[in-house]
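Nothing in this text is a laboratory measurement; each read-out follows from the coordinates by a stated rule. Keep in mind the model is a prediction, meaning the values are calculated, not measured. When we count neighbours, we look across all protein chains shown, and the Cβ atoms used for this are built from the backbone with ideal geometry, even at glycine.
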Amino acid sequence: MSYNEFRLVLAAFPEADLTVFKYEEMGVSVLEDGLYVLNSRLNDEPGFAETTARFVRASMLGWNWAMQNPDAAVDIVLKYDDRGWYDRAYHLYQMHEIIKLLSTNNGRLNGTSYQRTLNFMSTTAPHTFATDAIWGAAFIR
């Protein structure tokens, strides 16, 4: 996780002393964070798909604002960080790393990454495990 754990390693060791393996470049990375719902809820529960699409749209509008205003986004995080675990520099680092991740596809599931994850995790993965229905409902009007 370039936006989190890697920064903690860099705080402890000089980058020049590290050998970094980037799983994405090696073709062995797997999807991590995402929003997932049960097919039964998506297809059978009235209003669930619409509510979920609205949530996705609102979330991505928030992320898009944060990507355009990283300093202000960090100010908001720090305002509510009662524990004070990380300083401003750490949060800015995270924000800029997340910008790199989101700017490639605006948070949309990447089909190639999805298929690679299925291939890596299972040999009997279902063909209809993922859908862009919610994404389409959230952004295509």
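Points to keep in mind about this one:
- Nearest-ten-degree value, helix 70-79 long axis tilted from longest Cα axis of the chain: 80
- Shape category assigned to the stretch 54-129 from the gyration tensor of Cα positions, a/c cut at 1.5: prolate
- Helix 111-121 axis, angle to the chain major axis (alpha carbon atoms, nearest 10°): 90
- Extended-chain gain in nm, criterion 0.36 nm per residue less alpha-carbon gap, LEU31 and LEU101: 24.0 nm
- Relative contact order for the chain: 41 percent, from Cα pairs under 8 Å spaced at least 6 residues apart, divided by residue count.
- Take the Cβ atoms of ASN69 and SER2, set R0 to 30 Å, and the FRET efficiency comes out at 0.90.
- Helix 88-102 vs. the chain, principal-axis angle (Cα, 0 to 90°, nearest 10): 40
- Put in order of Cβ neighbour count within 10 Å, fewest first, the listed residues ILE99, ILE76, ILE134 become ILE76, ILE99, ILE134.
- Theoretical FRET efficiency, 1/(1+(r/R0)^6), r = Cβ-Cβ of ALA16 and ARG54, R0 30 Å, to 0.05: 0.05
- Charging the Cβ of each Asp and Glu at -1 and of each Lys and Arg at +1, and nothing else, the dipole of the chain about its Cα centre rounds to 380 debye.
- Coordinate range of the alpha-carbon atoms in the chain per principal axis, descending: 50, 38, 26 Å.
- Kirkwood hydrodynamic radius of the stretch 33-93, from inverse mean 1/r over distinct Cα pairs, in Å: 14.0
- Near ASP81, no amide H atom lies under 5 Å from its own; only residues 5 or more places off or on other chains count, and H is placed 1.01 Å from N.
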